[in-house]
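For reference, the structure is listed below as structure tokens.
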Amino acid sequence: MNVQVTHAHLPQPVLPSCPVQKLLRGQKAIVTGASSGIGRAIALALGNAGADVVINYVAGEDKAEEACDQIRHGGSRAIALRADVADEAQVQAMFRQTIERFGTVDILVNNAGLQQDANFEDLSLAQWNKVIGVNLTGQFLCAREAVREFKRRGVQAEISCSAGKILCISSVHEVIPWAGHVNYAASKGGVMLMMKSIAQEVAPYRIRVNSICPGAIRTPINMQAWDTPAAYDELLKLIPYKRIGEPEEIGRAAVWLCSDYADYVHGVSLFVDGGMTLYPGFETGG
Ligand code: NAD
């Protein structure tokens with residue numbers, strides 16, 4: 001008998017709550033754009049794993065402070081620092097303040113990002129520059145400050161095998177073209193080769209650089225793709241695993257990638273996407 005799986009009825013699973021190992025004890029992390037969505041979930045996960053965390057935000061101080069409170073509640077330190085990642089002086093001030101407060105930086109999570117969508121012929125230079133400025137230039141500015149600090153300090157074996165970790169939050173759209181979102185896809189394609197080129201250059205200093213490429217994750221950035229049953233059904237056509245991802249799932253991958261358990265993982269784009277990059281249009285044989 002042919003069994004047809006009707007994906008629309010598969011329930012969202014209850015994620016296992018693993019025992020919290022303090023994999024990142026003693027480490028200091030900056031997470032950009034951490035007052036909401038994936039950045040917030042990564043910041044909480046790093047805090048849970050024992051890291052002290054800077055919650056970077058550009059707007060919404062109250063949400064940033066609320067995330068700090070949650071991290072402090074779990075026993076790690078947390079501070080909220082406002083900075084526009086596309087602004088060189090603000091990024092440098094954020095790193096200076098972090099080093100003043102925490103002593104150093106061991107982990108940078110380049111998460112801040114946005115979309116400004118338009119049909120290509122209507123895409124304005126301002127929309128192009130805004131998205132490239134935050135999603136690509138912002139990651140460059142933060143990564144450069146992180147590498148400067150990692151090289152200045154070097155490896156502290158009692159803290160970590162490496163001198164530092166950079167984790168870029170890219171997207172499946174670093175490899176999947178995206179009509180109507182040319183600026184966004186270009187920014188993430190740029191993140192891919194920026195990440196790999198930095199990784200090649202700084203590896204001899206024991207600095208690890210990797211990316212996570214999320215598929216569809218339930219956050220404010222893509223709410224129109226999941227907040228009605230009809231939109232959610234359309235979205236599932238793109239996801240072989242037939243469910244949306246949760247921000248916490250990116251947080252867990254981030255903890256592993258930033259920990260010494262992943263010490264030999266370098267220059268890698270880790271796709272956390274329920275198979276979105278598996279060409280789901282060919283699911284039925286093409
Ligand atoms: P989100 O809108 O909740 O988070 C983005 C955060 O970046 C916000 O807190 C925003 O305030 C911040 N930000 C924007 N401009 C900034 C600036 N100039 N300086 C500092 N912070 C700034 O959306 P999200 O889904 O959590 O997105 C986080 C990252 O994940 C982004 O890089 C996004 O491209 C990527 N991503 C998300 C998905 C998804 O399905 N949600 C999929 C692939 C990649």
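The values are calculated or read from the model by the stated rules, or taken from the named source; none is laboratory data. This one's a predicted model, so the numbers in the text were calculated from it and none came from an experiment. Here the Cβ is made from the backbone with ideal geometry for all residues, glycine too, and neighbour counts use every protein chain on show. Ligands, DNA and RNA are excluded from the accessible area calculation, which covers all protein heavy atoms including side chains. Shrake-Rupley method; radii C 1.70, N 1.55, O 1.52, S 1.80 Å.
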Output for segment 126-154, where each listed residue is among the polar types (S, T, N, Q) and either more than 10 Å from the ligand (Cβ to nearest atom) or touching a Phe, Trp or Tyr at 6+ places or on another chain (Cβ under 8 Å) (or both): Gln127, Asn129, Asn135
From Ala203, Ala163, Ala179, Ala157, residue being under 23 Å from Val134 (Cα atoms) and aliphatic (A, V, I, L, M): Ala179
Single residue of Gly33, Gly39 found to be in contact with a strand residue (DSSP E or B) (Cβ under 8 Å, 6 or more places away or on another chain), in contact (Cβ under 8 Å) with a residue 40 or more places away in the chain and in a helix (DSSP H, G or I): Gly39
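Can you say whether Lys242 is more than 14 Å from the ligand (Cβ to nearest atom), open to solvent by 50 Å² or more (accessible area, probe 1.4 Å), closer than 19 Å to Ile176 by Cα and of a type in the set (Lys, Arg), as far as the supplied structure shows? I'd like the intermediate steps shown before the answer.
On the way: more than 14 Å from the ligand (Cβ to nearest atom): yes; open to solvent by 50 Å² or more (accessible area, probe 1.4 Å): no; closer than 19 Å to Ile176 by Cα: yes; of a type in the set (Lys, Arg): yes.
It is false that Lys242 is more than 14 Å from the ligand (Cβ to nearest atom), open to solvent by 50 Å² or more (accessible area, probe 1.4 Å), closer than 19 Å to Ile176 by Cα and of a type in the set (Lys, Arg).
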Subset of segment 255-277 (residues that are open to solvent by 40 Å² or more (accessible area, probe 1.4 Å) and either in contact with a Lys or Arg (Cβ under 8 Å, 6 or more places away or on another chain) or over 21 Å from Lys196 (Cα atoms) (or both)): Asp263, His266
Residues of segment 34-53 that turn out to be farther than 26 Å from Met223 by Cα and surrounded by 21 or more Cβ atoms within 10 Å (Cβ to Cβ), as a count: 6
Every residue from segment 202-235 that is in contact (Cβ under 8 Å) with a residue 40 or more places away in the chain, out of contact with any Ser or Thr (no Cβ under 6 Å at 6 or more places or on another chain) and either farther than 30 Å from Gly267 by Cα or of a type in the set (Gly, Ala, Ser) (or both): Ala203, Gly215, Ala216, Asp233
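Return the residues of segment 97-125 that are farther than 12 Å from Ile30 by Cβ and either basic (Lys, Arg) or within 14 Å of the ligand (Cβ to nearest atom) (or both); say none if nothing qualifies.
So the first thing to find is which residues in segment 97-125 are farther than 12 Å from Ile30 by Cβ, and the list is 100, 103, 113-125.
Matches in segment 97-125: Gly113, Leu114, Gln115, Gln116, Asp117.
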Residue among Ile217, Ile212 that is closer than 12 Å to Asn110 by Cβ, near the ligand (Cβ under 9 Å from one of its atoms) and open to solvent by less than 40 Å² (accessible area, probe 1.4 Å): Ile212
The one condition in (1) within 14 Å of the ligand (Cβ to nearest atom); (2) within 26 Å of Ile159 (Cβ to Cβ); (3) in contact with a helix residue (DSSP H, G or I) (Cβ under 8 Å, 6 or more places away or on another chain) that Gly74 fails to fulfil: (1)
Verdict on Arg252 being crowded, with 19+ Cβ neighbours inside 10 Å, away from the ligand (no atom under 16 Å from the Cβ) and basic (Lys, Arg): no
Matching residues, segment 81-96, being open to solvent by 40 Å² or more (accessible area, probe 1.4 Å) and more than 10 Å from the ligand (Cβ to nearest atom): Glu88, Ala89, Gln92, Arg96
Some residue of segment 71-80 being open to solvent by 40 Å² or more (accessible area, probe 1.4 Å), basic (Lys, Arg) and farther than 22 Å from Ser259 by Cβ: no
All positions within segment 54-70 that are within 16 Å of the ligand (Cβ to nearest atom) and open to solvent by 10 Å² or more (accessible area, probe 1.4 Å): Tyr57, Val58, Ala59, Gly60, Glu61, Asp62, Lys63, Glu65, Glu66, Gln70
Some residue of segment 195-207 being buried (at least 20 other Cβ atoms within 10 Å of the Cβ), within 17 Å of the chain's Cα centre (by Cα), closer than 20 Å to Asp273 by Cα and within 11 Å of the ligand (Cβ to nearest atom): no
